[in-house]
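Asker: Can you keep this structure in mind? I'll have questions shortly.
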Amino acid sequence: MKKHLQFLLLCCAAVAGGCKNEASSGTDAEMDRFIDELMSRMTIEEKIGQTNLIPPDGSIISGPAVDSKTGERIKRNEIGAILNLDGAAKIRETQQLALESSPNRIPLIFGMDVIHGYKTIFPIPLGLSATWNMTAIEEAARISAVEASANGICWTFSPMVDIARDARWGRIAEGAGEDPWLGAQIAKAYVRGYQGDLSENTDILACMKHYALYGASDGGKDYNTVDMGRQRMFNVYMPPFKAAVEAGVGSVMSAFNEVDGIPAGANKWLLTDVLREEWGFDGFVVSDWDAVREMTVHGIGDIQEVSARALKAGLDMDMGSEGLVGTLKKSYDEGRVTMKQIDAACRRILEAKYKLGLFKDPFKYCNEERTAREIFTPEHREAARRIAAESFVLLKNDNRILPLEKHGRIAVVGPLADNRANMLGTWTVSADLDSPVSVLEGIKDAVKWKATVEYARGSNLTYDRELEQRASHAGKGFPRDTRTDKQLQDEALAAASRADVVVAVMGEAAEMSGESSSRVSLDIPDAQKDLLKKLAATGKPVVLVLCTGRPLTLTREQENLGAILNIWFPGTEAGHAVADVLFGEVNPSGKLTATWPRSVGQEPLYYNYKNTGRPPRADGTITKYTTGYIDQTYLPLYPFGFGLSYTEFRYGELRLDKTEMAENGEITASVEVANTGKYEGQEVVQLYIRDLVGSVTRPLKELKGFEKIRLQPGEKKTVTFRIDASMLRFYDHDLNFVCEPGDFEVMVGGNSQDVQTARFTLK
């Protein structure tokens with residue numbers, strides 16, 4: 001296996017410039033000398049203490065660090081890093097205590113879940129991926145790093161690069177969707193945005209997660225087991241992780257799930273053989289929250305045993321369990337672990353602190369002047385507004401309902417219309433929950449005196465009070481309206497009857513997706529679904545502004561509503577961004593990065609599936625004795641890469657400059673795209689390739705490139721893709737990374753389903 005991955009390093013090149021390893025390629029001799037000398041002075045207890053990552057106790061937050069329980073542990077050198085301690089002044093105080101307490105003046109690392117923003121919140125990662133704009137994603141990560149670092153944070157537990165193909169899994173909201181190639185490009189953009197070159201006090205350490213296969217959990221249930229062959233693992237699920245390593249990511253978080261029957265945090269093949277020896281990762285590995293202790297529940301040993309197994313497997317830091325700090329000395333005394341193994345973990349953590357510049361300046365990230373001037377700035381909010389608008393996906397727009405005019409009477413209804421906190425989405429640890437602009441506020445601000453805006457809540461989140469309570473998490477409560485369901489509906493229907501158009505802001509609450517938020521239903525919650533049906537029955541044009549952290553099943557809504565605009569959870573500038581798109585200041589250009597099913601029974605669902613011996617009909621017709629269902633077409637409601645615009649794009653004929661290619665050659669594929677509508681717009685032109693005959697079965701199509709273009713009305717542009725052998729490589733049965741001669745199909749179009757096709761042969 002080592003051979004095939006070494007071959008990969010030589011052969012793999014992505015469309016946009018290759019897969020060259022961008023991580024540090026050599027040993028920093030000065031760093032090595034420094035750490036060698038430092039570790040020679042450290043006791044075994046000090047070394048083990050570096051492996052311990054804990055949250056602060058309440059007393060350190062509310063009082064002097066020195067008097068807190070956390071402070072006492074710092075004085076005993078039992079802590080190497082702290083998570084979710086916020087504020088430059090408090091972090092400076094805590095760092096000072098660590099330096100004074102450590103015989104060797106070893107600084108702490110301060111980490112936080114900065115997932116899609118610090119104070120200025122951007123769309124959830126699944127929404128960011130829908131921009132298909134690597135510059136925008138990198139910009140969002142950069143602004144997040146600037147703000148977090150301005151308040152003392154130097155390490156973020158992001159990006160999440162898990163491939164997710166089952167919308168039931170709540171954490172699909174935190175990733176880039178279903179495609180390995182696109183996921184790899186996005187992973188690199190995040191790492192660049194967060195880390196820079198780690199030389200500035202605005203650069204923070206990134207942490208790719210969850211390594212590995214977390215997004216493939218059985219049944220879409222969070223924390224669940226994963227069972228997968230290695231060929232599929234390397235062709236589908238590993239590319240974004242490897243890409244992040246190539247981009248130089250500084251840390252890795254191991255996953256909760258098992259891989260080949262061994263929990264990821266104690267899996268030597270995963271953490272050492274692949275990650276370090278074959279991919280060349282030189283940072284440190286941290287567990288997910290309490291995951292070391294949870295391995296005892298998995299059933300592979302007691303806390304001492306699993307902690308020793310984790311260390312020997314390649315885990316360097318324990319988040320929350322305190323299994324390593326609590327047992328490794330005993331395990332060393334008993335011969336279960338060696339000093340070499342302890343030293344390896346300690347060294348990797350010290351190297352991260354060195355690369356962050358904390359030994360040179362432990363207070364590098366504790367500049368309160370930066371806190372005052374670089375957080376939640378007008379410039380950052382403007383970027384959040386612009387990027388949010390670019391993330392929205394127009395799913396339907398019959399009879400050109402959108403864009404709306406700024407006149408007449410607009411009814412704004414729905415439990416999410418006048419809700420600020422839920423616009424943030426999941427994982428916004430440091431956000432001010434009252435800071436976002438609600439959709440209602442954004443619409444009112446946009447129309448001002450030009451139109452009349454009438455608001456009615458219309459329903460509660462759901463009829464299920466217990467589900468509503470479970471969705472009210474992380475401070476994002478959903479206060480229940482005490483009026484009857486009929487009273488709420490009647491108010492909304494009355495407002496609709498007086499309106500020229502209805503804007504229904506509905507969908508999931510923020511915490512209905514994310515961690516521990518798997519769902520067996522992918523419908524819009526029942527109370528809202530019933531209200532939508534009655535609004536549609538009024539005969540008034542209805543625009544569904546959909547809030548969601550995952551693909552939903554919108555079959556009925558697609559049939560009955562005039563327009564559907566998916567806004568994900570847009571973040572701080574939600575209302576302004578929504579208004580920009582609704583009223584045509586911005587033409588929507590988002591494209592789906594996860595396939596949307598017709599019903600939950602289709603899950604897991606993804607575009608790049610393989611043929612069977614009895615494939616279904618291409619047009620989706622239900623046929624017996626083929627791969628599909630007898631009660632519904634196998635085709636999705638909205639395919640991967642789908643998204644409408646206020647304008648229209650016409651694709652010309654797909655052309656190849658030749659039909660044969662040598663392994664060291666290339667073919668050029670080109671297509672002319674014209675804007676035939678009335679609005680300026682952006683189109684994501686997508687390139688897919690199919691290997692028609694292989695030594696192992698291959699997907700029907702795979703994304704291999706894209707270009708996002710902007711065209712004025714009447715403007716045309718020829719989009720060109722260069723295809724070379726690197727784009728045709730895959731892992732074969734023996735996990736060799738190969739490119740096999742034969743026939744290939746090239747497909748180009750505006751989504752994965754509506755494409756033109758041409759053929760060439762690789763000699």
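Asker: Pull out the extension gain between residue 648 and residue 625, defined as 0.36 nm times the separation in residues minus the alpha carbon to alpha carbon distance; nm, one decimal.
Answerer: 4.4 nm
Asker: Compute the length gained on full extension between residue 696 and residue 221: take 0.36 nm times their separation in residues and subtract their Cα-Cα distance, giving the result in nm to one decimal. Display every interim value, and only then the final one.
Answerer: On the way: separation 475, 0.36 × 475 = 171.00 nm, distance 3.01 nm.
Extending this stretch completely gives an extra 168.0 nm.
Asker: Ordered by residue, what ³J(HN,Hα) values in Hz, to whole numbers, does the stretch 549-566 give under the Karplus form 6.51 cos²θ - 1.76 cosθ + 1.60, where θ = phi - 60° and Gly and Pro are x?
Answerer: 3J(HN,Hα) across the stretch 549-566, in whole Hz: x, 7, x, 10, 8, 10, 4, 5, 5, 4, 6, 9, 9, x, 8, 9, 10, 8.
Asker: Once the Cα atoms of helix 303-313 and of the chain are each reduced to a long axis, what angle between those two axes, in degrees from 0 to 90 to the nearest 10, is obtained?
Answerer: Helix 303-313 and the main axis of the chain meet at about 80 degrees.
Asker: Starting from the 7 Å offset along Cα-to-Cβ, what nm value, one decimal, do you get for the label separation of residue 372 and residue 757?
Answerer: Label-label distance for residue 372 and residue 757, simple model: 6.5 nm.
Asker: What residues qualify as long-range amide H neighbours of residue 455, i.e. H under 5 Å apart, gap of 5 or more or another chain, H built at 1.01 Å from N?
Answerer: The answer is 412.
Asker: Apply the Karplus curve 6.51 cos²θ - 1.76 cosθ + 1.60, θ = phi - 60°, to the phi angles in the stretch 478-483 and return the couplings in whole Hz, x for Gly and Pro.
Answerer: 10, x, 8, 6, 7, 5
Asker: Taking amide H positions as placed 1.01 Å from N in the peptide plane, with prolines and chain starts having none, which residues 5 or more places from residue 258, or on another chain, fall under 5 Å of its amide H?
Answerer: Those qualifying (amide H under 5 Å, at least 5 residues apart or on another chain) are 226, 264.
Asker: Still on this structure, I have one more. For the stretch 376-594, give me the percentage of DSSP beta bridges that are antiparallel, rounded to the nearest 5 percent. Numbers along the way, then the final one.
Answerer: Numbers: 4 of 25 bridges.
Here the share of antiparallel DSSP bridges comes out near 15 percent.
Asker: How long is the stretch 376-594 along each principal axis, judged by its Cα atoms, biggest number first, in Å?
Answerer: Here the Cα extents, ordered largest to smallest, are 41, 40, 31 Å.
Asker: Cα atoms only, the chain: Rg and Dmax in Å?
Answerer: My reading of the Cα-based Rg and Dmax gives 26.4, 80 Å.
Asker: If you take the C-alpha gyration tensor of the stretch 394-513, multiply each eigenvalue by 5 and take the square root, what semi-axes do you get, largest first, in whole Å? The partial results should precede the final answer.
Answerer: Details: eigenvalues 132, 66, 34 Å².
Output for the stretch 394-513: semi-axes of 26, 18, 13 Å.
Asker: Okay, helix-only estimate at 222 nm for the chain: each DSSP H run of n ≥ 4 adds -39500 (n - 2.57), divide by all residues, round to 500 deg cm²/dmol; what do you get? Don't skip to the end; give the middle numbers.
Answerer: Numbers: 22 runs with 223 residues, N = 763.
About -8500 deg cm²/dmol.
Asker: Could you tell me which of rounded, prolate or oblate describes the stretch 542-644, using a ≥ b ≥ c as the square roots of the eigenvalues of the alpha-carbon gyration tensor, with rounded for a/c under 1.5 and, failing that, prolate when a/b is larger than b/c and oblate otherwise?
Answerer: It is prolate, given that a/c is not under 1.5 and a/b is the larger ratio.
Asker: How would you order 588-594, 548-554, 470-476 from highest to lowest mean count of nearby Cβ atoms within 10 Å? Mind dumping the intermediate values first?
Answerer: Values: 588-594: 28.0, 548-554: 25.9, 470-476: 17.6.
Top of the packing list down: 588-594, 548-554, 470-476.
Asker: Under 15 Å from a point 7 Å along the Cα-to-Cβ line of residue 400: which residues of the stretch 695-714 have their amide N that close?
Answerer: Hits in the stretch 695-714 for residue 400 at 15 Å: 713-714.
Asker: Explain nothing, just compute: Karplus ³J(HN,Hα) = 6.51 cos²θ - 1.76 cosθ + 1.60, θ = phi - 60°, for every residue of the stretch 425-440 in order, whole Hz, x for Gly and Pro.
Answerer: Computed from phi, the couplings for the stretch 425-440 are x, 6, 6, 10, 4, 9, 6, 7, 5, 9, 7, x, 8, 5, 5, 4 Hz.
Asker: Here's a follow-up. Starting from the Cα of residue 520, step 7 Å along the direction of its Cβ; do the same at residue 302; then give the gap between the two resulting points in nm.
Answerer: Spacing of the two 7 Å Cα→Cβ label points: 3.8 nm.
Asker: Using every Cα-Cα pair within the stretch 665-725, state what percent have a distance larger than 16 Å.
Answerer: Result: 56 percent of Cα pairs exceed 16 Å.
Asker: OK, next. Using only the C-alpha atoms of the stretch 88-186, find the volume of their convex hull and express it per residue in Å³.
Answerer: 118
Asker: Stretch residue 96-residue 363 to full length: gain in nm at 0.36 nm per residue minus the Cα-Cα span?
Answerer: Here the segment from residue 96 to residue 363 would lengthen by 95.3 nm.
Asker: Next up: When DSSP assigns beta bridges and you keep just the ones with both residues in the chain, what percent turn out antiparallel, to the nearest 5?
Answerer: That works out to approximately 55 percent antiparallel.
Asker: How would you order 498-510, 167-179, 704-716 from highest to lowest mean count of nearby Cβ atoms within 10 Å? Walk me through the intermediate numbers first.
Answerer: Numbers: 498-510: 25.2, 167-179: 27.4, 704-716: 16.4.
Top to bottom by mean Cβ count within 10 Å: 167-179, 498-510, 704-716.
Asker: Report the semi-axes of the equivalent ellipsoid for the stretch 221-325 in whole Å, largest first, where each axis is √(5λ) for an eigenvalue λ of the Cα gyration tensor.
Answerer: Semi-axes (√(5λ), whole Å): 22, 16, 11.
Asker: Same structure again: Based on the alpha-carbon gyration tensor of the stretch 463-555, what equivalent-ellipsoid semi-axes (square roots of 5 times the eigenvalues) come out, in whole Å, largest first? Could you put the intermediate results ahead of the total?
Answerer: Values: eigenvalues 124, 50, 24 Å².
Ellipsoid half-lengths, sorted descending, are 25, 16, 11 Å.
Asker: Now for a different question. Could you order peptides 452-460, 659-667 by the average number of other Cβ atoms within 10 Å of their residues, highest first?
Answerer: 452-460, 659-667
Asker: Would you pull out the residues with amide H under 5 Å of residue 524's amide H, same chain only if 5 or more places away, H placed 1.01 Å from N?
Answerer: 553
Asker: Evaluate the stretch 31-149: find the radius of gyration of its Cα atoms, find its Kirkwood radius, and give the ratio Rg to Rh.
Answerer: Reported Rg/Rh, Kirkwood definition of Rh: 1.09.
Asker: Got the relative contact order for the chain handy, in percent, Cα pairs under 8 Å and 6 or more residues apart?
Answerer: This gives 14 percent for the chain.
Asker: Just check the stretch 649-762 against the gyration tensor rule for me: Cα atoms, a ≥ b ≥ c as the square roots of the eigenvalues, rounded for a/c under 1.5, and otherwise prolate or oblate depending on whether a/b exceeds b/c. Don't jump to the answer; show the numbers that get you there.
Answerer: Numbers: a/c = 2.77, a/b = 2.19, b/c = 1.27.
Judged from the Cα gyration tensor, the stretch 649-762 comes out prolate (a/c at least 1.5, a/b above b/c).
Asker: Something else about it: Let me make sure I get this right: for the stretch 27-95, a, b and c are the square roots of the gyration tensor eigenvalues over alpha carbons, sorted descending. Under 1.5 in a/c it's rounded, otherwise prolate if a/b > b/c, else oblate. Which is it?
Answerer: prolate
Asker: Using a simple spin-label model with points 7 Å from Cα along the Cα→Cβ vector, what separation in nm is obtained for residue 664 and residue 200?
Answerer: The modelled label-to-label distance comes out at 4.2 nm.
No value in this document is a laboratory result; all are computed from the given coordinates. Quick caveat: nothing in here was measured; it's all calculated off a predicted structure. Here Cβ is always computed from backbone atoms with ideal geometry, including for glycine, and neighbour counts include all displayed protein chains.
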